[in-house]
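Below is one structure, written out as structure tokens; the observations come after it.
Values quoted throughout were computed directly from the atomic coordinates according to the rules given, and no laboratory measurement underlies them. In this text the structure is predicted, and so the values were computed from the model without any measurement. No Cβ is skipped: glycine too gets one built from the backbone with ideal geometry, and neighbour counts run over all protein chains shown.
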């Protein structure tokens, strides 16, 4: 399942084999059979939120609304968003999902959001949310990633770009080092955006050297 939350319309192929283009069609039949033919489920997050940035509809499950809300608004210290995240976090049955969402919010938005989320959870006696928030914060501190919003956002984007490219194209050690050594968030954002539309790995990586 692909959850797309980019800023532009998805224009890349959805069928796996289409990403190989002419190279796939030029393969002998036997070799073509060796490449999996599948089209993953695809969901554009913007269609759920609406073009004007509306909240996810109530018809979605708590788990889905929690993930989408975190992806779209999590890194921002907006009071009503923090409250919604905590409320959704407290109502899900999978505690690990709550921890993962809190970890993402702290990694990209900074650990200063922990206090606001904990305060709201304690006021409402939301024990499940409290545990998820504290566990995520403790993990982040143990991993040495509590250095602030910029460093957290940078590392999150490096990890995301590495994972995306490695799954689609594969990465050499040198290419991994190129991504890990990129310290400008804007260039990483440009490369992540390019991944949605470009069919060649070089066309994505060139944004890191622009």
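By the beta-carbon count within 10 Å of each Cβ, the least crowded to most crowded order of 10, 103, fewest first, is 10, 103. Cβ crowding within 10 Å, taken as a proxy for footprinting-reagent exposure, orders 99, 159, 131 from fewest neighbours to most as 159, 131, 99. Counting other Cβ atoms within 10 Å as a rough exposure proxy, the listed residues 130, 184 run 184, 130 from fewest neighbours to most.
A convex hull fitted around the alpha carbon atoms of the stretch 149-210 yields 70 Å³ per residue.
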